[in-house]
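Below is one structure, written out as structure tokens; the observations come after it.
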Amino acid sequence: MSSIKDILTPFTAWKNVFKEPVSIKHPLTERPGVPRYRGFHKNDIQTCIGCGTCESICENEAIDMVAVAGFEAKDGDSGLRPKVDYGRCCWCALCVDVCTTGSLSLSNEYTWVDTDPDNFRFIPGVDEKSWDKNELGWKKPEGDYEFYGLKRVDMGELEPDERDHSFIEMIKGYSKEQAEKEADRCVECGICTATCPAHMGIPEYIKAIRNDDLEEGLRILYDTNPLPEICGRICTHKCESVCSVGHRGEPLSIRWLKRYIADQNPSEKYRAILETENLQKNGKKVAIIGAGASGLSAAHYLVKIGYEIEIFEKLSEAGGMMRYGIPEYRLPYDQIDKDINYILSLGVKIHYNVNVGKDITLKKISEDFDAVFAGTGLHLGRSTRVEGTDHKHVYQSIELLRKITGGEEIHLAEKIVVIGGGNVAMDITRSLARLQKIKYGKVQVITTSLETEEKMPADREEVIEAREEMATVNPGWSPQRIEIVDGKIKGLHVVQCLSLFDETGKFNPQCNLDNKNFFEGDMIVESIGQGMDLSYITEDIKDHLEMGPRGRIRVNDNFQTSVPWLFMGGDTIQGPDVIHGIANGHKAALGIDKFLIEK
Ligand code: SF4
Ligand code: SF4
Ligand code: SF4
């Protein structure tokens, strides 16, 4: 039932008709908004990374990402910054609440008198405004609510006491539920794509996981990476270091998500999923030297274009450093085989145990094929050359890893000193620790490096896991001399290393000779980097090759050398790592195709 008040109330509003509007009466009178009022935008543009998540969430299309003078695109920063249009903005503050870095906020300033409508479109933080220094306004409440999870879905792995005496794979892989939960954290900004050397479609394949369309996920992976099982396990995942979610939380587990897609797709369905059942041939032949990451990648993309591919491989199996340099507990052989067998199923031929330069010359190969791609890797160990390194029980990590991964017996001392601070040093440390545990029941490996703990080039997780497996990692020492008594190694003398590079950036270690140490060991393993063996390139060809910095052969953007039929990629050109090899094998394949079309 309506009351008399309900009938009369609308008429009482008429009294306002005779009042002057407040905005006309007090146009410039300051009437501050409440402290958390959602006024005009502010942006700390030094903290903003141009991820565009604010632009994506704005339902009103009030934000455009624009280039700003002085901000270039670089790893982890698109170089763009948000521009806001107040003709569209409804001050919902979704953009602030979703901002991945927390750089965006709203001031509590809401009055603005201006005669030029264009001024109501501006780049917060770049176009100076009076409220830039205003502390009040709307900021996303800390810890109140989040649009995406800040914490990673944990990856299950074997406990140290389950893994320290075996080479079985230690990382278990995500379940469907875990992968979808982790994929849900992605804001699809694509900032990671530029940092991935292969520029993989990361947000797209993560979205495929969310949509539970893993066949589509596999197709996206193969667009730029034909070794997803391998990369899903051992990629150096530089992309994760720039993930925008990592600014306020933990970055996406991009590598493990890639592995999830590859793991869930059975190999026998690959050819149907990837639509490679009826590849057409174009009648041209390309030779590849080395069946490592770059060679296999080049082979995959070339055979898909129509080329006949033959790979000349020095060792008895394909995979290069992925098979012979990375221990099985990180990269099981059946997963390497899954990736390689698919490439072989496309018709790629491999000639095993063929040493180019000895069994067949590069010149002969160049005469038999239309073009050659060489991805021969870094298979030579480097020595510190300190006194005593000529002893028979001083080894190079690379030769030991080749034997261990090939199932050969090695000399295994009870006490071992490893010299090196990179990932290969961690691989040999952890492999030797496992072998010691199996043979002697205890681990006595000390690993030392010139670099201090903070500067060691190895992935942090590798160092932590090596220690969990009872290896000692004691960085920051410079090897001086190997102590040998009666023909037997007793250990390594070291002094404290203070710095590695001089002010010009040249490698020039400085040491404190008064701070000495001695690491006991009956066997020393050097793991201070690898070199390339280019002896297969004869002088008549070498004479025409332009050299680049650090003894590397110069190549153009298509990975073509100055000898037109010879393309090169992989660790001898860039990296060293698997994903650079994959990326330049792909680019070289496109370059070879272009070269042969134009020839
Ligand atoms: S406050 Fe809302 S409407 Fe305005 S720019 Fe942000 S998301 Fe868009
Ligand atoms: S979401 Fe934040 S960090 Fe990303 S572009 Fe917008 S303001 Fe910058
Ligand atoms: S993985 Fe991270 S950086 Fe890449 S698209 Fe997703 S949120 Fe953005």
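A few notes on this one:
Conditions tested, residue by residue: (1) in a loop (DSSP other than H, G, I, E, B); (2) more than 15 Å from ligand 2 (Cβ to nearest atom); (3) surrounded by 13 or more Cβ atoms within 10 Å (Cβ to Cβ).
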{"residue": "101", "(1), (2), (3)": "yes, no, yes"}
{"residue": "106", "(1), (2), (3)": "no, no, yes"}
{"residue": "113", "(1), (2), (3)": "yes, yes, no"}
{"residue": "118", "(1), (2), (3)": "no, yes, no"}
{"residue": "131", "(1), (2), (3)": "no, yes, yes"}
{"residue": "140", "(1), (2), (3)": "yes, no, yes"}
{"residue": "145", "(1), (2), (3)": "yes, yes, no"}
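- Qualifying residue in segment 73-81 (condition: assigned to a loop (DSSP other than H, G, I, E, B), open to solvent by 60 Å² or more (accessible area, probe 1.4 Å), among the acidic types (Asp, Glu) and touching a residue at least 24 places away in the same chain (Cβ under 8 Å)): yes
- Positions within segment 37-63 being away from ligand 2 (no atom under 11 Å from the Cβ) and either among the aromatic types (Phe, Trp, Tyr) or more than 25 Å from residue 133 (Cβ to Cβ) (or both), in sequence order: 37, 40, 59, 60, 61
- Among residues of segment 82-99, those that are open to solvent by 40 Å² or more (accessible area, probe 1.4 Å), of a type in the set (A, V, I, L, M, F, W, C) and assigned to a loop (DSSP other than H, G, I, E, B), counted: 3
- Restricting segment 28-59 to residues that are at pLDDT 95 or above and loosely packed, with under 13 Cβ neighbours inside 10 Å, the residue that is nearest to the chain's Cα centre (by Cα): 46
- Residue within segment 236-244 that is under 13 Å from residue 265 (Cα atoms), touching a Leu at 6+ places or on another chain (Cβ under 8 Å) and either open to solvent by less than 10 Å² (accessible area, probe 1.4 Å) or not β-branched (Val, Ile, Thr) (or both) present: no
- Residue match in segment 141-150 (condition: modelled with pLDDT of 95 or more and within 21 Å of the chain's Cα centre (by Cα)): yes
- Test: residue in segment 187-201 that is within 16 Å of ligand 1 (Cβ to nearest atom), closer than 25 Å to residue 41 by Cβ and crowded, with 17+ Cβ neighbours inside 10 Å: yes
- Residues within segment 500-516 that are touching a Leu at 6+ places or on another chain (Cβ under 9 Å) and either of a type in the set (Val, Ile, Thr) or touching a residue at least 24 places away in the same chain (Cβ under 8 Å) (or both), tallied: 3
- Whichever residue in segment 163-209 is among the polar types (S, T, N, Q) and more than 20 Å from the chain's Cα centre (by Cα) and, among such residues, is nearest to ligand 2 (Cβ to nearest atom): 178
- Residue check, residue 290 within 20 Å of residue 198 (Cβ to Cβ) and either without any contact (Cβ under 8 Å) to a residue 40 or more places away in the chain or in contact with a Gly (Cβ under 7 Å, 6 or more places away or on another chain) (or both): yes
- Positions within segment 513-544 being among the polar types (S, T, N, Q), at pLDDT 95 or above and assigned to a strand (DSSP E or B), in sequence order: 515, 517
- Test for residue 496: is it open to solvent by 70 Å² or more (accessible area, probe 1.4 Å), of a type outside the set (Ser, Thr, Tyr) and under 17 Å from residue 384 (Cβ atoms): no
- Helices (runs of 4 or more DSSP H) completely within segment 174-285 that count 1 or more residues being within 16 Å of ligand 3 (Cβ to nearest atom): 176-183, 191-195, 202-210, 214-224, 228-234, 238-242, 254-264
- Among the residues listed as 172, 181, 207, the single one being under 24 Å from residue 336 (Cα atoms), among the basic types (Lys, Arg), open to solvent by 20 Å² or more (accessible area, probe 1.4 Å) and modelled with pLDDT of 95 or more: 172
- Failed item in (1) within 17 Å of the chain's Cα centre (by Cα); (2) part of a loop (DSSP other than H, G, I, E, B); (3) buried (at least 20 other Cβ atoms within 10 Å of the Cβ), with residue 291 passing the rest: (1)
- Inside segment 477-501, residues that are more than 31 Å from the chain's Cα centre (by Cα) and of a type in the set (S, T, N, Q) make up a count of 2.
- Those residues of segment 450-469 which are touching a residue at least 24 places away in the same chain (Cβ under 8 Å) and either touching a strand residue (DSSP E or B) at 6+ places or on another chain (Cβ under 7 Å) or more than 29 Å from residue 512 (Cβ to Cβ) (or both), in sequence order: 450, 451, 463, 465, 466, 468, 469
The values are calculated or read from the model by the stated rules, or taken from the named source; none is laboratory data. In this text, all values refer to a predicted model and were calculated from it rather than measured experimentally. Here the Cβ is made from the backbone with ideal geometry for all residues, glycine too, and neighbour counts use every protein chain on show. Surface accessibility is based on the protein's heavy atoms, side chains included, excluding ligands, DNA and RNA. Shrake-Rupley method; radii C 1.70, N 1.55, O 1.52, S 1.80 Å.
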